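The values are calculated or read from the model by the stated rules, or taken from the named source; none is laboratory data. All figures in this text were calculated on a predicted structure; none of them were measured in a lab. Here Cβ is always computed from backbone atoms with ideal geometry, including for glycine, and neighbour counts include all displayed protein chains.
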Amino acid sequence: MVPIAIEGIMNGFTTVNPRLRLPTSNNASPGLLTLLTKELLSMEKLYTAEVTATGGRDGHVKSSDGILDFELRKPKELGGQGGATNPEELFAAAWGPCYLGALGSVAEREGVDVSEANVKVLVSFNKADNSFVLSADLDVHIPGISIEESQSIADKAHRACPYSKAVKGNIDVRVTAV
């Protein structure tokens, strides 16, 4: 969220989400600017993934290390030919393992075994008025505990997961223990 906030401060207001208006330095509270500055100064970049995309939804993606290297195709449901992955599948594929990492950290603190847990991530491409937006559903299964306890841990993991933080306030997300 910090990069979006900084973009908003540097450019006036962010255009990432028209409903989310971030303050400029002219009208921001000093506390907000101090908080954002402290977060930036304390952030240590641990790893950077580099992927080059060409051709848009009917294109190609390749990582700098060559491990990721494949074609993209617009899904048939969106008028494409299908037959290859798409940005929504890639986002879901990345979010799931990251979320499970957060789930593991939260569960460890609470003394819960989540070694057999899984998450089904559904990323939807939606039309809203004259624009397109994403939404997501995370269906979290933690065997051996109640649905109520699973929901509590799932919600805490959602608040801790870097991908979940990245979309917070930008897309509708539903997290459900199943």
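Details
- Subset of the stretch 156-174 (residues that are under 15 Å from residue 119 (Cβ atoms) and out of contact with any helix residue (DSSP H, G or I) (no Cβ under 9 Å at 6 or more places or on another chain)): 174
Residue-wise test of (1) assigned by TED's automatic domain parsing to the domain that holds residue 95; (2) polar (S, T, N, Q); (3) closer than 26 Å to residue 57 by Cβ.
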site	(1), (2), (3)
110	yes, no, no
121	yes, no, yes
125	yes, no, yes
132	yes, no, yes
143	yes, no, no
151	yes, yes, no
154	yes, no, no
160	yes, no, no
171	yes, no, yes
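- Any chance residue 97 is crowded, with 16+ Cβ neighbours inside 10 Å and modelled with pLDDT of 95 or more: no
- Criterion: within 11 Å of the chain's Cα centre (by Cα) and of a type outside the set (Phe, Trp, Tyr) - qualifying residue of 102, 136, 177: 136
- Subset of the stretch 105-120 that is touching a residue at least 40 places away in the same chain (Cβ under 8 Å) and in a helix (DSSP H, G or I) - its residue that is surrounded by the fewest Cβ atoms within 10 Å (Cβ to Cβ): 110
- Residues being under 30 Å from residue 155 (Cα atoms) and among the small types (Gly, Ala, Ser) - total across the stretch 49-103: 7
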